[in-house]
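**Q** The structure is given below, and queries will be raised subsequently.
What follows draws every value from the coordinates through simple rules; no lab data is involved. What you are looking at is a predicted structure, and each value in this text was computed from that prediction instead of being measured. We place every Cβ from the backbone using ideal geometry, glycine too, and count neighbours over all the protein chains shown.
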Amino acid sequence: MSGDPLLSSWDRLARDHSASPAVIDSGGGRVWSFEEIENQARFWERELTTAGLNGLPVAFRQVNGGEWMVRFLTLLRLGAAALPIDPSVPSAGFRETAARCGAAIWEGGGTVVPPEHPRRFRAPTVALVKMTSGSTGIPRPLPFLARELAADGWQIMSRMGITAEDRNFALIPFGHSYGLGNLVMPLMLKGVPVVCGSTPLPRALAGEF
């Protein structure tokens with residue numbers, strides 16, 4: 001996607017810091033370099049080029065880690081709007097949310113299930129769809145442009161003093177609003193590596209130490 005600030009920044013990082021650690025998975029501690037994430041995303045971009053995902057929301061569930069970043073980058077490159085669903089959501093809830101948003105489903109591998117009633121965004125640069133909390137009713141999809149996500153990331157890094165020398169410790173899911181702004185955006189915009197914790201919620205932080 002020409003002019004996408006996220007992809008432009010990521011491309012620079014993948015070129016200049018190819019062998020550097022980008023994401024360290026929980027559990028086995030697999031270390032994903034920028035180059036490895038980039039190569040995997042390019043592979044799936046080629047595999048899914050004919051799936052007709054441009055402008056279409058695509059739902060996926062994935063725990064924090066390198067695979068999450070691979071999926072997000074793949075969808076950005078395909079011009080799709082990523083719809084990350086909390087991995088703790090049961091399969092039925094995941095599919096119901098995808099259907100309500102007119103989103104395709106990417107559950108793994110090269111298989112993408114098209115929506116019965118697809119929704120195409122007017123703005124071709126919609127990069128991601130966040131779901132509201134549902135505290136006032138049924139959760140609603142909110143589309144965001146790549147430049148809006150980038151602006152939020154730069155603002156957070158500026159206010160919190162996050163630099164490329166830092167390391168982020170991830171407990172909150174990447175797809176949550178705070179996860180995107182505080183973890184995914186610093187990684188994509190400034191190359192701040194992410195170490196993924198093994199517990200899904202901030203309240204479990206004490207158990208990690």
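**Q** Rounded, prolate or oblate: which one fits the stretch 136-200, using the alpha carbon gyration tensor with axes a ≥ b ≥ c (rounded when a/c is under 1.5, else prolate when a/b beats b/c, else oblate)?
**A** Because a/c hits 1.5 or more and a/b fails to exceed b/c, the stretch 136-200 counts as oblate.
**Q** Starting with the highest mean, order 182-191, 110-119 by the number of other Cβ atoms within 10 Å, averaged over the residues of each peptide.
**A** 182-191, 110-119
**Q** Right, another one. May I ask you to derive the FRET efficiency for Arg140 and Glu96 from their Cβ-Cβ distance with R0 = 22 Å, giving the value to the nearest 0.05?
**A** For Arg140 and Glu96, the calculated efficiency is 0.95.
**Q** Still on this structure, please answer the following. Compute the distance in nm between two label points, each set 7 Å from the Cα along the Cα-to-Cβ direction, one at Glu148 and one at Asn54.
**A** Calculated label separation equals 2.2 nm.
**Q** With r as the distance between the Cβ atoms of Ser18 and Arg159 and R0 = 30 Å, compute the FRET efficiency 1/(1 + (r/R0)^6) and round to 0.05.
**A** E between Arg159 and Ser18, to the nearest 0.05, is 0.50.
**Q** Continuing with the same structure: Just the number, please: percent antiparallel of the DSSP beta bridges in the chain, rounded to the nearest 5.
**A** The antiparallel fraction comes to roughly 45 percent.
**Q** Can you list the residues, at least 5 places off or on another chain, whose amide H is less than 5 Å from the amide H of Leu128, using H built in the peptide plane?
**A** Ala82, Phe144
**Q** Using Cα pairs under 8 angstrom and six or more residues apart, how large is the relative contact order of the chain, in percent?
**A** Over the chain, the number comes to 22 percent.
**Q** So, by mean Cβ neighbours within 10 angstrom, what's the order for 65-75, 97-107 with the highest one leading?
**A** Sorting 65-75, 97-107 by mean packing, highest first, produces 65-75, 97-107.
**Q** From the phi of every residue in the stretch 76-91, what ³J(HN,Hα) in whole Hz does the Karplus formula 6.51 cos²θ - 1.76 cosθ + 1.60 yield, where θ is phi - 60° and glycine or proline is x?
**A** 4, 5, 7, x, 8, 9, 5, 10, x, 9, 3, x, 7, 5, x, 4
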